[in-house]
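Contents: one structure, followed by commentary.
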Amino acid sequence: MSEAHTDTEAVEQANTGFYEAVERGDFEEVAGLWLDERYGEISCVHPGWPVLSGRGEVLRSYALIMANTDYIQFFLTDVKVSVAADTAVVTCTENILSGGPAEDGAELGPLVGQLVVATNVFRRTPDGWKVWSHHGSPVLAESDEDEDDETGEDAV
């Protein structure tokens with residue numbers, strides 16, 4: 001097996017592990033998957049959020065998300081991994097199913113689906129591949145009106 005193939009697989013595993021740790025709400029594991037200060041400043045953009053820089057801001061954001069999300073599951077599609085020396089870029093679509101706090105005695109709040117395209121940048125360290133930057137952007141769903149416009153049904 002070539003080194004490049006091994007690196008690609010290792011990065012894909014690191015990427016999957018990152019999402020699985022968030023799904024489990026394991027803050028310590030999530031924190032351990034991010035690059036530490038010895039290797040550079042990390043950054044994160046959650047959909048609709050400003051740019052967060054540095055371990056403090058980034059990890060605080062994950063603590064807030066996990067504290068306010070009772071259920072989250074990521075179905076990753078269109079995963080593409082590119083490795084160049086000690087840096088790797090993963091692009092993917094996050095098909096997210098999440099639920100907030102339960103209401104009226106229910107076990108779980110209403111589930112919401114969301115599509116986000118993400119770019120995750122990883123850096124090789126002696127401890128393996130670590131997340132250097134995450135950027136998520138929402139995918140706007142087409143409305144019925146948009147589809148009508150494309151078919152020309154509403155054209156005058």
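Starting from residues that are farther than 22 Å from Ser43 by Cα and free of Cβ contacts under 8 Å to residues at least 40 places away in the same chain, keep the ones in the stretch 70-81 and report whichever is least open to solvent (accessible area, probe 1.4 Å).
For the stretch 70-81, the residue satisfying everything is Thr77.
If I go through the stretch 87-112 residue by residue, how many of them are out of contact with any Ser or Thr (no Cβ under 8 Å at 6 or more places or on another chain) and either surrounded by 11 or more Cβ atoms within 10 Å (Cβ to Cβ) or modelled with pLDDT of 85 or more (or both)?
Residues flagged as out of contact with any Ser or Thr (no Cβ under 8 Å at 6 or more places or on another chain) and either surrounded by 11 or more Cβ atoms within 10 Å (Cβ to Cβ) or modelled with pLDDT of 85 or more (or both) within the stretch 87-112 amount to 7.
Among the residues of the stretch 1-29, which ones are closer than 18 Å to Ser82 by Cα, among the hydrophobic types (A, V, I, L, M, F, W, C), in a helix (DSSP H, G or I) and open to solvent by 50 Å² or more (accessible area, probe 1.4 Å)?
Correct list: Ala4 only.
Among the residues of the stretch 27-52, count how many are more than 17 Å from Gly128 (Cβ to Cβ) and within 16 Å of the chain's Cα centre (by Cα).
Selection size over the stretch 27-52: 11.
Of all residues in the stretch 81-97, count the ones that are in a strand (DSSP E or B), over 25 Å from Arg24 (Cβ atoms) and not aliphatic (A, V, I, L, M).
Residues meeting the conditions: 2.
If I ask for residues that are within 21 Å of Pro138 (Cα to Cα) and exposed (fewer than 12 other Cβ atoms within 10 Å of the Cβ), which ones from the stretch 57-69 would you list?
Leu64, Asn68
Could we say that Ala84 is touching a Gly at 6+ places or on another chain (Cβ under 9 Å) and open to solvent by 50 Å² or more (accessible area, probe 1.4 Å) here?
No, not satisfied.
Out of the residues in the stretch 118-133 that are open to solvent by less than 10 Å² (accessible area, probe 1.4 Å) and in contact with a helix residue (DSSP H, G or I) (Cβ under 8 Å, 6 or more places away or on another chain), state the one that is farthest from Val45 (Cα to Cα).
Phe122
Looking at the stretch 30-56, which of its residues are in contact (Cβ under 8 Å) with a residue 12 or more places away in the chain, over 22 Å from Ser137 (Cβ atoms), in a helix (DSSP H, G or I) and open to solvent by 20 Å² or more (accessible area, probe 1.4 Å)?
Of everything in the stretch 30-56, those that are in contact (Cβ under 8 Å) with a residue 12 or more places away in the chain, over 22 Å from Ser137 (Cβ atoms), in a helix (DSSP H, G or I) and open to solvent by 20 Å² or more (accessible area, probe 1.4 Å) turn out to be Glu37, Tyr39, Arg55.
Name the pairs whose Cβ atoms lie under 9 Å apart, with the first residue in the stretch 1-15 and closer than 11 Å to Val90 by Cβ, the second part of a helix (DSSP H, G or I) and modelled with pLDDT of 95 or more, and 6 or more positions between them or separate chains?
Ala14/Leu33
The values are calculated or read from the model by the stated rules, or taken from the named source; none is laboratory data. In this text the structure is predicted, and so the values were computed from the model without any measurement. Note that each Cβ is placed from the backbone with ideal geometry, even for glycine, and that neighbours are counted across all protein chains shown. These accessible areas exclude ligands, DNA and RNA; they are computed on the full protein's heavy atoms, side chains included. Shrake-Rupley method; radii C 1.70, N 1.55, O 1.52, S 1.80 Å.
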